[in-house]
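The values are calculated or read from the model by the stated rules, or taken from the named source; none is laboratory data. From a predicted model like this one, the values you see are computed outputs, not experimental measurements. Here Cβ is always computed from backbone atoms with ideal geometry, including for glycine, and neighbour counts include all displayed protein chains.
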Amino acid sequence: MELRLAQLLDEQIEKRGCTLFSSNLRVKVPKLPPYRYPDLSALCDKPEFEEPSGLLCLTNPMLLGEILSPSTEAFDRGEKFPHYKSIPSFREYLLLAPGRKNLTHDLKQSECSWLQTEYDVGATLHLVTLDCTINIDALYDGINFESETSF
């Protein structure tokens, strides 16, 4: 699922100078030090890094994405999001649901306001920070929802 999302985004953003990172890149989270591993991070500026404890960490992601699983969904939807909000550059949060075509999108409106929207079958989401779109049906194309191992 992570790979499919990355492919859909990368096709659209590479000409804009935006950068997409996979889950193996650490992201510095001020309220949950020293870092986290989101499933996806992206930005359209020059990447900035710090090395807390000698480990390279991205400090300026604009978008973070998580592929939910039954064991991580509550944490990703609950406790993790407020911690991610402590990243000054962070503007958009994607949560891809397990077991059904559903994507939750949070978009920062102001320092204390975020707009949350759910996208389901047939919907298309516009990502403001990357200026690109995600078609939900294309994102979930080929996923077998009968199997718990599809994620």
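One residue stands out among those in segment 81-96 that are hydrophobic (A, V, I, L, M, F, W, C) and buried (at least 20 other Cβ atoms within 10 Å of the Cβ): the one that is nearest to Leu127 (Cα to Cα), which is Leu94.
Residue-by-condition table, conditions (1) more than 24 Å from Asp120 (Cα to Cα); (2) among the small types (Gly, Ala, Ser):
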{"position": "Gly17", "(1), (2)": "yes, yes"}
{"position": "Leu20", "(1), (2)": "no, no"}
{"position": "Arg36", "(1), (2)": "yes, no"}
{"position": "Leu56", "(1), (2)": "yes, no"}
{"position": "Pro98", "(1), (2)": "no, no"}
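Every condition in (1) surrounded by 14 or more Cβ atoms within 10 Å (Cβ to Cβ); (2) out of contact with any Gly (no Cβ under 6 Å at 6 or more places or on another chain); (3) under 16 Å from Arg4 (Cβ atoms) is met by Thr124 except one, and the failing one is (1). Leu20 fulfils the conditions (1) within 19 Å of Thr104 (Cβ to Cβ); (2) outside any loop (DSSP other than H, G, I, E, B) except for a single criterion, (1). Under the condition of being assigned to a loop (DSSP other than H, G, I, E, B) and either of a type in the set (D, E, K, R) or touching a residue at least 40 places away in the same chain (Cβ under 8 Å) (or both), the residues counted in segment 92-139 number 9. Just for segment 38-71: of the residues that are over 18 Å from the mean Cα position of the chain (by Cα) and in a strand (DSSP E or B), which one is nearest to Lys101 (Cα to Cα)? Across segment 38-71, the extreme among qualifying residues is Phe49. Entry remark, segment 49-98: residues being over 18 Å from Ser113 (Cβ atoms) and among the hydroxyl-bearing types (Ser, Thr, Tyr) number 5 in total. Screening Thr72 with (1) in contact (Cβ under 8 Å) with a residue 24 or more places away in the chain; (2) surrounded by 14 or more Cβ atoms within 10 Å (Cβ to Cβ) gives one miss only, at (1). Against the list (1) among the aromatic types (Phe, Trp, Tyr); (2) within 22 Å of Tyr37 (Cα to Cα); (3) outside any strand (DSSP E or B), the condition Phe145 fails is (2). Quick check on Gly78: is it under 23 Å from Arg4 (Cβ atoms) and surrounded by fewer than 20 Cβ atoms within 10 Å (Cβ to Cβ)? When the stated conditions are applied, Gly78 does not pass them. On inspection, Pro82 fails the criterion of being at pLDDT below 95, in contact with a helix residue (DSSP H, G or I) (Cβ under 8 Å, 6 or more places away or on another chain) and not in a strand (DSSP E or B). With respect to the conditions (1) at pLDDT below 95; (2) surrounded by 13 or more Cβ atoms within 10 Å (Cβ to Cβ), Ala42 lacks only one, and its number is (1).
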